[in-house]
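Written below as C-alpha cells is the structure these notes are about.
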Amino acid sequence: MKIKLARTLGYCPGVRRAMDMTFGLLAQRSGEVYSHGILIHNQPSMELLFQKGLRLWQGENKGTVIVRAHGLPPDELAVLYALDVTVSDATCPWVHLVQRLVAEQAALKKMVIIWGQANHPEVIGLMGYAGTAGRVVATAEEVADLPTAEEVVLLSQTTQNLAKWPEISAAVRDRWPNALLKNTICEAIKLRQKEVLRLAKEADALVIIGGKTSGNTASLAYVGHRTGLITHLVETIADLSPDDFKEVKTVAVAAGASTSSWQIAQILQTLRTLARSQEKLSDFWSRFLRALILSSVIAALGLASLAVCASLLMGLKPPLLFFSFFFFQILALYLGRDIFQSRNQALRLADPDRIAFFAKYHNYLVLFTLTSAFTALAVALMTSLALIIISLGGWLILTVHQFTPRPKQPALSRALAKPGLLALSWALAIIWAAQPPTTTSYSFSFPSNLNSATLGASGVVWAQIFILAILTEVLGVQGDRIFGRPTLSTILGEVTLKRFLNTFLAIWAGGLTIGWALGALPSLALGLIFNGPLYNYFLLKLIFSKPERRKLNPTLDGFLFEALIFSQLLLTGLTALLWAQY
Ligand code: SF4
C-alpha cells in the first residue's frame, strides 16, 4: 500500500499561534493559566495542554486567561478585561478580520448573514459583533426563512466547505440581487480542501486526521466523501482498523487545521506499519536505510568523515584508526543520547518512529552502544592522549547536557547556545585531536598546532556542524515546542531564519574562497564549496519549499531529510579523500 500525503499538514497558522502562546505561558510558570473555552478543537492537543497545567476558565479572578482561537463575542471580552486577570488574546488573526468585517457591515445597517453552524464558538463570537443585525444559516434552504431586509451581506464561518459556497451565495443573490457576497473561508482551509480533491484523483481511500468536533476536519471529510472515495475520519490510532485497508493500493492522508504534527506522525506510523506488513522483501532496502538512520550509523559515518576532512585540510594524513575512533565514539554518544531520550514522553509524541525502534531493539542497541564506546576507548588508548580526552569529554558533555536543568536565559540565547556553542566545542575538540593521532603519540603540541591551517579547518568543521544542528532543529520544530525548548525556528520565524541561513551560507562560501586565496586552506576548500554552502542552499530550498508541510510535519520526510542532512558529511569526507589522492 502506498501512502500519499497532503502538502499542507499540521496546525494552520491560527492554531499554531494559539498553541505557541499557550505553551509559552505555561513554560513561564508565573501563575495559573486558563483557557476561555476549548482553545482549539483537537482533543489530543487539548489533553497535552491540560497535562502541562492549562485549566478551563470558570470565572476565576486571577491568573492569565487565554482567549480561544475562535474568538469571543465583544461583551464577553469586555467582562474579561474588566477582571483582575491578564488577558492573552489567541484569537486567530483571520477570525479577527472577519469579526471586523461583521461589525462594519452591521454598523451600515445591513442584515449580516453568517453561513455556518449556529452553535460553533466562532459563529457565536461573530454574532456578538453583528448584534441584532446578525442571522445564521446552515444551508441554502434556510435562506428562504430569513426576514426581509433592504441590504444584506453574506459571509462565511472560516472553516466552511468551499464547494458549497456557490450554492449558498446563489440562494442569497436570488432573494437579494444586490447582496454583498464575502467569501471569508480561511485560505488555509481552502488550500486543504483543494488538496483533498487533488489527492482523491491519485488514491483509492482517504484518511482525514483531526478532531471529531472540529468543523474544518468535518468539512475535509465531507469533501472526501463527495469524491466517492471511502473516507476515514481518524482522531487517534484507535480509529484505524487494518481491515479497512486490506484491498487499498494507495491511501491519501490529509489533516484538519487543528491537527498536531505528532498526532499525524502517530497515525502515519500505524499506516506505515500496515503498509510494511503488506509488503515483502522489496521493502528490504528502505528498512535497511531506516535502521541505519535510526541507529545513527549514518550520522557517525558522516561526522567521522568530517574529522578526516578536517585533518586533510590541515595537511595531515590521518590513519584509519583515527576514522574508526570518531565513528565508534560518535555512534556511542548518539545511541546513548537516544536510548536515554526514548523514555521522554514528549519525544514519544513528536517522533514515534524513533521511539518504536528503540523500544523494539532496546537490548541490542544498549549492547551496540557499550561495544562502540569500549571500541572507541580502546582505539584512543592505542593512539593518543588527545583521543582519550575527547572520548571522556564527549561523555561529559552528553551527561551535562542531559541532566543540567535548563537555565533561565533569554529564549534566543538558549536557542543559539545549543547549536552554536556545542558545535563550536565539538569542532575545536575534533581539530585539537586531529594532529596527534597522525603521529600516534601521547605527546601533542597544543597550542602550537593553532596555525592558520588549523583555524581554517576548524572553521569548516564548525560551519558544517552548525548548519547540521540548525537543519535538524528546523525539522523538529513542533517537537521542540512540546519540549518547551526554544529553537531558532520558533523564535526568529521562518522568513528571518531563511534569510539568516542564506547569509550564513554566503559567508561560508566566501570564507572558503578567501581562505584558499590567502593560502590558509588548500585547494580542497574550493571543492568543499559544492558540498557545503551550495549543497545546503539546495537542501534549504527543499526543506522550505512547502512551508506548512516541512515545518509542521517533521516526520513526513524525516528519514529522507535526515539522510540528506548527514550525507553532506559523507560527501565532504569523500571529496577530501579524492582530493588527497590527486
Ligand atoms: Fe485561523 Fe484559518 Fe486556522 Fe481557523 S483555520 S484558526 S481561521 S488560520
Any chance L97 is within 14 Å of the ligand (Cβ to nearest atom) and surrounded by fewer than 18 Cβ atoms within 10 Å (Cβ to Cβ): yes
Q341, sole failed condition from (1) more than 24 Å from L564 (Cα to Cα); (2) touching a helix residue (DSSP H, G or I) at 6+ places or on another chain (Cβ under 9 Å): (1)
Matching residues, region 245-259, being within 16 Å of the ligand (Cβ to nearest atom) and in a loop (DSSP other than H, G, I, E, B): G256, A257, S258, T259
Residue selected from region 59-88 under the condition in contact with a Gly (Cβ under 8 Å, 6 or more places away or on another chain) and within 16 Å of the ligand (Cβ to nearest atom), by the criterion nearest to E32 (Cα to Cα): R68
Which listed residue, of L206, L197, L191, is in contact with a Leu (Cβ under 9 Å, 6 or more places away or on another chain) and in contact (Cβ under 8 Å) with a residue 24 or more places away in the chain: L206
Test set (1) over 30 Å from V248 (Cα atoms); (2) out of contact with any strand residue (DSSP E or B) (no Cβ under 7 Å at 6 or more places or on another chain) - R7 fails condition number: (1)
In region 179-217, the residues that are β-branched (V, I, T), more than 10 Å from the ligand (Cβ to nearest atom) and either at pLDDT 90 or above or within 21 Å of the chain's Cα centre (by Cα) (or both): V196, V207, I208, I209, T217
Breaking point among (1) within 16 Å of the ligand (Cβ to nearest atom); (2) of a type outside the set (D, E, K, R); (3) out of contact with any Lys or Arg (no Cβ under 8 Å at 6 or more places or on another chain), for L220: (3)
Condition met for R55 (charged (D, E, K, R) and crowded, with 20+ Cβ neighbours inside 10 Å): no
Evaluation of T159 against (1) of a type in the set (S, T, N, Q); (2) more than 16 Å from the ligand (Cβ to nearest atom); (3) modelled with pLDDT under 95 (one fails), failing number: (2)
Filter result (over 19 Å from L83 (Cβ atoms) and within 15 Å of the ligand (Cβ to nearest atom)) within region 32-58: I38, I40, H41, N42, S45, M46
Conditions (1) buried (at least 16 other Cβ atoms within 10 Å of the Cβ); (2) within 30 Å of E202 (Cα to Cα); number of the one not met by K2: (1)
Some residue of region 88-106 being polar (S, T, N, Q) and under 30 Å from A265 (Cβ atoms): yes
Of the criteria (1) modelled with pLDDT under 85; (2) buried (at least 18 other Cβ atoms within 10 Å of the Cβ), which one W516 fails: (1)
Criterion: touching a strand residue (DSSP E or B) at 6+ places or on another chain (Cβ under 7 Å), small (G, A, S) and under 30 Å from T250 (Cα atoms) - qualifying residue of A179, A200, A188, A163: A200
Of residues in region 11-31 being within 11 Å of the ligand (Cβ to nearest atom) and not in a helix (DSSP H, G or I), the one nearest to A275 (Cα to Cα): Y11
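The values are calculated or read from the model by the stated rules, or taken from the named source; none is laboratory data. Values in this document were obtained by computation on a predicted structure and should not be read as measured data. Here the Cβ is made from the backbone with ideal geometry for all residues, glycine too, and neighbour counts use every protein chain on show.
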